[in-house]
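The values are calculated or read from the model by the stated rules, or taken from the named source; none is laboratory data. Computed from a prediction, not measured in an experiment: that's the story for all the values here. Using ideal geometry, Cβ is built from the backbone for each residue, glycine included, and neighbour counts are taken over all protein chains shown. These area figures cover heavy atoms from the full protein model, side chains too; ligands, DNA and RNA do not enter into them. Shrake-Rupley method; radii C 1.70, N 1.55, O 1.52, S 1.80 Å.
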Amino acid sequence: MNFIQFIKKHRNVLLFFTAVFFQAVVFVFLLLQTGFIKKSSVENNRIYTFECDFSDPFDFMKGHYLSLNIKQAQVKTSELDEETFAQLDLNKTRRIVYLVVEPDQNGIWNVKGIRKEKPSGSCNFIKAKIERTSYGDSQDKTVYLDFLFNDYYMQENLALYVDSLDNLDEKKPVLKLYSDKNGNCIQQGLYVLNDDNEYIRIEDFAVAMKKAELAQ
């Protein structure tokens, strides 16, 4: 049996193992990339906190997860610095841009500028996309941003339980991100305030609430 005959005879098996191999390569690459972003973020103190709210949609492929609505994803043009308008046209959408962010007195990071090119120096920034800009006669328009990390995955039973809770917005949910020096981000965690007015991970909050209900 020559090589070509061998390939034809075992084509399906070879295709299967090739697919498995490439999936393994992609998985390892993503794992290494996540580790590099986290390491760079911690070393350079680039951990950012954004306000958000969320819902628990269902997708046949994804299952139950938390869909995030990040409040800083809507920014008024009056809040952006002058360099924003010198660098790019805000009406050109769906391309990668760099958001210059600064913290407020509560440690929440807000968008202060948008750049076409990666900023230099020591300023803080993350990658995003411009989704659209509001139209109308108002000089102060709204820029809608896609932060590229709008889904938060957790155990399905916990996601369902979180969605059943009322008034979670009163717990002031925030999303914390790791960001590397190129603006690439991964989620560090989703946090809410507990009864002691301290931020804890949403998973720990859900587990504690369920235990308290069972104990009653």
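For 203, 51, what's the largest-to-smallest order of accessible area, 1.4 Å probe?
Working: 203 40, 51 70 Å².
I get 51, 203, largest accessible area first.
Report the Cα centroid-to-centroid distance between the range 154-195 and the range 74-128 in angstrom, as an integer.
Rounded to whole Å, the Cα centres lie 23 Å apart.
Give the calculated FRET efficiency between residue 212 and residue 110 to the nearest 0.05, with a Förster radius of 45 Å applied to their Cβ-Cβ distance. Mind dumping the intermediate values first?
Working: r = 35 Å, r/R0 = 0.77.
Plugging the Cβ-Cβ distance into 1/(1 + (r/R0)^6) gives 0.85.
Once the Cβ-Cβ distance between residue 69 and residue 23 is put in as r, and R0 is 22 Å, what FRET efficiency do you end up with, to the nearest 0.05?
E between residue 69 and residue 23, to the nearest 0.05, is 0.10.
Considering only 120, 187, 143, whose Cα is most displaced toward the positive end of the charge dipole of the range 115-216, charges sitting on Cβ of Lys, Arg (+1) and Asp, Glu (-1)?
About the Cα centre, the residue reaching furthest to the positive side is 120.
When all protein chains stay in place, what accessible area (Å², nearest 10, 1.4 Å probe) is found for residue 55?
That residue has around 60 Å² of solvent-accessible surface.
Within the range 78-118, whose backbone N sits under 17 Å from a point 7 Å along Cα→Cβ of residue 44?
Counting backbone N atoms under 17 Å from the label point, the list is 97-103, 115-118.
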